[in-house]
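The values are calculated or read from the model by the stated rules, or taken from the named source; none is laboratory data. Just so we're clear, the structure is a prediction, and the values are computed from it rather than from any experiment. Heads up, the Cβs are rebuilt from the backbone with ideal geometry, glycines too, and the neighbour counts pull from every protein chain shown. Accessible surface is based on the protein model in full, side chains and every heavy atom, while ligands, DNA and RNA are left aside. Shrake-Rupley method; radii C 1.70, N 1.55, O 1.52, S 1.80 Å.
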Amino acid sequence: MRRNTGFFVLLGISLLVPLIAMTLIPLADTSEPRYAEIARLMYESGDWITPWFAPGNPFWGKPPLSFWLQAASMHLFGPTEFAARLPSWLATVITLGLLYRCCATLFNATTARLAVLIYATCALSFISSGAVLTDPFLALGTTLCMTGWIMAANSSKVFWRYSFFIGLVVGLLAKGPLILVLSGGAIVLWMLFYPQARRTTLSLPWAKGIALTILLSAPWYLAAEIKTPGFLNYFFVGEHFLRFIDPGWEGDLYGTAHKAPFGTIWYYWLQASFPWGFAGLVILMKGLLQTTQRTKMRQYLSDPRLGYFLAWSLFTPLFFTVSGNILWTYILPSLGGFSIYLAYAWPKSSTKQYSASEKTSFATRAAGPTFLAMIAPSAIVALIVVVSYTPQLLKTEKLLVQHTRTTSPSDIPLYYLDEVPFSARFYSFESAKPLKEHEIINKMNSGQNFWLAVPKNRLESTETRFNQPVFATKQHNLYLINSPGQYELTARAKQTHLNDPITQ
């Protein structure tokens, strides 16, 4: 038990730090509060079929699994950032469990412990474990598919025979048919280079598994199309085809295309796998330059089991190499395979491969990994400290919204010039409203006090000149309008106001 203490301490830190961070760090624009607000609207409305981007505006960009779990979490803990983030953490914990069991069965417990530690502390998997994203659920689905396929050929347990299909269901309800591409593509790539592996297809109950997949995933797609017609066309054609082939796709209803040069996904891979990806590249370079290491690399590549995890780790970035509309989070589903392969290839204290019964301590093997595993948790702890003292560094409207609610009287309405940031929508429970510039004067004439949040980059271009703000965030200044000395009109605005027939 003593020899495992180092592993449990490091793993505990890597799981505990995100739990603390998800409570102390506010939701920052744009992705996190956008998805959190969709889940909050589901929690508030009780509509479990259609996710809503805003009241009256259906969200067709993603299936509902993550929103279901986040809304359920809000029922237990209230509509807080902790409740919105907790399901991602749980999905990551389950993913770690699957990776451990698969790796321990195929190799040994020592390799499995290192694989789990690598996955838990890669930059992307560590950050996403405490964030409101759909990607941890796609990663969970992919891990179920990939571990299920190879474990079905090595275990008679019913769970492993069906986990491939359970993973398809999770992926279809978390992201869509992308799960078929990422999992199926990796398996086909593996079989191309290892023909003997094709017999693993006989290990899965295909008829029952396909029926289970359709039974659990298809009803929601049909219900969503019936409730909001047009969903299927936008989701399958737009989100899964046009987004992939068109780097500047302008059909996105909920944001903008993430245009990047072809091949950028490999730069994102370095970011997502940091610091372990750099360590893996060092090991690879040594393997290419040293004769003894080249021999070992050929031995690794001759092993179909290692070839499986290599195909898993490489297919996703290979697939997105030819796409110019990408994010770094697209790498997450491949990190499970990368973690197992790197754990096996990690330099040993002797030239022979560890056996399942070897008594080598984790601490001896992990002298280098200990340092690497502490980088991501240390960075987040530093972020927590910095944000605690200087919250204005984050693009979040949490404190601004709280200021308007704690200032007497607390029922003064809050407006944002032009558009309301997602974080303001979440923390105000949709009570913050947009206000166009030409509406400011008439709103002033109503005689009612109101809060107005003005983007800092608009202060010089607005026709209303504001004085000292009562509060400020990274992106907005807050003013109490109709409070003496808070604003004045420019000469042009005054003339426009005098000529306005509504005010005459």
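A few remarks follow.
- From the options PHE8, PHE67, PHE53, residue that is part of a strand (DSSP E or B) and either open to solvent by 10 Å² or more (accessible area, probe 1.4 Å) or modelled with pLDDT of 95 or more (or both): PHE53
- Matching residues, segment 337-364, being modelled with pLDDT under 50 and surrounded by 19 or more Cβ atoms within 10 Å (Cβ to Cβ): PHE362
- So LEU96, is it buried (at least 18 other Cβ atoms within 10 Å of the Cβ) and part of a helix (DSSP H, G or I): yes
- Output for segment 132-163, where each listed residue is open to solvent by 10 Å² or more (accessible area, probe 1.4 Å), farther than 14 Å from LEU106 by Cα and hydrophobic (A, V, I, L, M, F, W, C): LEU133, LEU140, LEU144, VAL158, PHE159
- Residue count, segment 19-40 (criterion: open to solvent by 10 Å² or more (accessible area, probe 1.4 Å) and without any contact (Cβ under 8 Å) to a residue 60 or more places away in the chain): 1
- Residue selection: SER203 fails the criterion of being under 30 Å from PRO55 (Cβ atoms), of a type in the set (Ser, Thr, Tyr), buried (at least 18 other Cβ atoms within 10 Å of the Cβ) and touching a residue at least 40 places away in the same chain (Cβ under 8 Å).
- Leading residue by the ranking (nearest to LEU11 (Cα to Cα)) among those in segment 383-401 that are open to solvent by 70 Å² or more (accessible area, probe 1.4 Å) and polar (S, T, N, Q): SER388
Listed here are the residues, each with its yes/no results for (1) open to solvent by 10 Å² or more (accessible area, probe 1.4 Å); (2) of a type in the set (S, T, N, Q); (3) modelled with pLDDT of 80 or more.
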{"residue": "THR321", "(1), (2), (3)": "yes, yes, yes"}
{"residue": "LEU332", "(1), (2), (3)": "no, no, yes"}
{"residue": "THR370", "(1), (2), (3)": "yes, yes, yes"}
{"residue": "VAL381", "(1), (2), (3)": "yes, no, yes"}
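- Matching helices (runs of 4 or more DSSP H) fully within segment 402-504 where at least 3 residues are modelled with pLDDT of 75 or more, surrounded by 14 or more Cβ atoms within 10 Å (Cβ to Cβ) and in contact with a Leu (Cβ under 8 Å, 6 or more places away or on another chain): 422-427, 440-445
- Residue match in segment 104-113 (condition: hydroxyl-bearing (Ser, Thr, Tyr), open to solvent by 10 Å² or more (accessible area, probe 1.4 Å), over 18 Å from SER334 (Cβ atoms) and assigned to a helix (DSSP H, G or I)): yes
- Contact map, segment 258-282: first residue on the phi > 0 side of the Ramachandran plot, second residue surrounded by fewer than 18 Cβ atoms within 10 Å (Cβ to Cβ), Cβ cut-off under 8 Å, separation 6 or more or different chains; pairs are GLY263/THR321.
- Among the residues of segment 182-205, those that are among the hydrophobic types (A, V, I, L, M, F, W, C) and within 23 Å of PRO333 (Cα to Cα) comprise LEU182, ALA186, ILE187, VAL188, LEU189, TRP190, MET191, LEU192, PHE193, ALA197, LEU204.
- When residues of segment 41-50 are limited to those that are open to solvent by 50 Å² or more (accessible area, probe 1.4 Å) and in a helix (DSSP H, G or I), the one farthest from PHE371 (Cα to Cα): SER45
- Just one of (1) open to solvent by 50 Å² or more (accessible area, probe 1.4 Å); (2) under 23 Å from the mean Cα position of the chain (by Cα) fails for ARG198. It is (2).
- Residue match in segment 178-194 (condition: loosely packed, with under 15 Cβ neighbours inside 10 Å, touching a helix residue (DSSP H, G or I) at 6+ places or on another chain (Cβ under 8 Å) and either touching a residue at least 40 places away in the same chain (Cβ under 8 Å) or under 26 Å from ARG305 (Cα atoms) (or both)): yes
- Enumeration of residues in segment 245-267 that are closer than 9 Å to ILE326 by Cα and either modelled with pLDDT of 85 or more or touching a helix residue (DSSP H, G or I) at 6+ places or on another chain (Cβ under 6 Å) (or both): THR264, ILE265
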